[in-house]
């Protein structure tokens, strides 16, 4: 991508800190490409961002390769889903705008990221892919402007932890993906093994 302003304006965040309950083991370590998913996505976001961090839990942090930056989820935001990663990231870097991708999405590529960035609308505080089939935002593939951090904190204070509902509340920008696979998540072992069958 040649838009240096976009690159310098965005920090990347690879979301890996979930419990992977349905998968049965850490989804971020699954290998769809030439490397475990957390490193594949880290590499994918690097050309678009000034910095990229892996958002992870305490256990995952102990095994991340040297030279890879990471942010450990703050336990005070415990058990609230992916909002935890965003609240932690904004707490540590309040002036950043975050381009986030969850480790659940193995089919997303550089063209998809370019498409998301080119359809970004800063005035809406967030721009995410939108799943028109299910009429839902895809909160784990999007851009969160730093102005949204106060709204997220307010939602947390009110014990409203759904990013889906927060995106609806602020009328976040809906970006239709270029292909359905961009928003296809793999959440169970059966789905994962089915990819190669």
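The values are calculated or read from the model by the stated rules, or taken from the named source; none is laboratory data. Quick caveat: nothing in here was measured; it's all calculated off a predicted structure. Here Cβ is always computed from backbone atoms with ideal geometry, including for glycine, and neighbour counts include all displayed protein chains.
The table that follows gives values for the structure above.
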quantity	calculated
Any hit, the stretch 14-27, residues being part of a strand (DSSP E or B), within 24 Å of residue 90 (Cβ to Cβ) and modelled with pLDDT of 90 or more	yes
Every pair of residues 6+ apart whose Cβ atoms lie under 6 Å, when the first sits in the stretch 162-175 and is at pLDDT 95 or above while the second is part of a helix (DSSP H, G or I)	163/83; 166/155; 172/124; 173/124; 175/116
Meets criteria (touching a residue at least 12 places away in the same chain (Cβ under 8 Å) and either crowded, with 18+ Cβ neighbours inside 10 Å or over 25 Å from residue 11 (Cβ atoms) (or both)) for residue 152	yes
Set 80, 113, 108, 117: member being in contact (Cβ under 8 Å) with a residue 24 or more places away in the chain, over 13 Å from residue 28 (Cβ atoms) and out of contact with any strand residue (DSSP E or B) (no Cβ under 9 Å at 6 or more places or on another chain)	80
The stretch 36-71 - residue that is in a strand (DSSP E or B) and in contact (Cβ under 8 Å) with a residue 24 or more places away in the chain and, of those, surrounded by the fewest Cβ atoms within 10 Å (Cβ to Cβ)	51
Test set (1) surrounded by 14 or more Cβ atoms within 10 Å (Cβ to Cβ); (2) assigned to a helix (DSSP H, G or I); (3) at pLDDT 95 or above; (4) in contact with a helix residue (DSSP H, G or I) (Cβ under 9 Å, 6 or more places away or on another chain) - residue 192 fails condition number	(3)
In the stretch 92-103, the residues that are touching a helix residue (DSSP H, G or I) at 6+ places or on another chain (Cβ under 8 Å) and either at pLDDT 95 or above or surrounded by fewer than 24 Cβ atoms within 10 Å (Cβ to Cβ) (or both)	94, 96, 97, 98, 99, 100, 101
Tally, over the stretch 56-71, of residues that are at pLDDT 95 or above and more than 21 Å from residue 44 (Cβ to Cβ)	0
Residue among 143, 117 that alone is at pLDDT 95 or above and either in contact with a helix residue (DSSP H, G or I) (Cβ under 6 Å, 6 or more places away or on another chain) or closer than 18 Å to residue 73 by Cα (or both)	117
Residue check, residue 37 at pLDDT 90 or above, more than 23 Å from residue 94 (Cβ to Cβ) and out of contact with any helix residue (DSSP H, G or I) (no Cβ under 7 Å at 6 or more places or on another chain)	no
Subset of the stretch 180-195 [more than 18 Å from the chain's Cα centre (by Cα) and touching a residue at least 12 places away in the same chain (Cβ under 8 Å)]	188, 189, 192, 195
Filtered residues of the stretch 171-189 (kept if surrounded by 14 or more Cβ atoms within 10 Å (Cβ to Cβ) and part of a loop (DSSP other than H, G, I, E, B))	172, 177, 178, 184, 185, 186, 187, 188
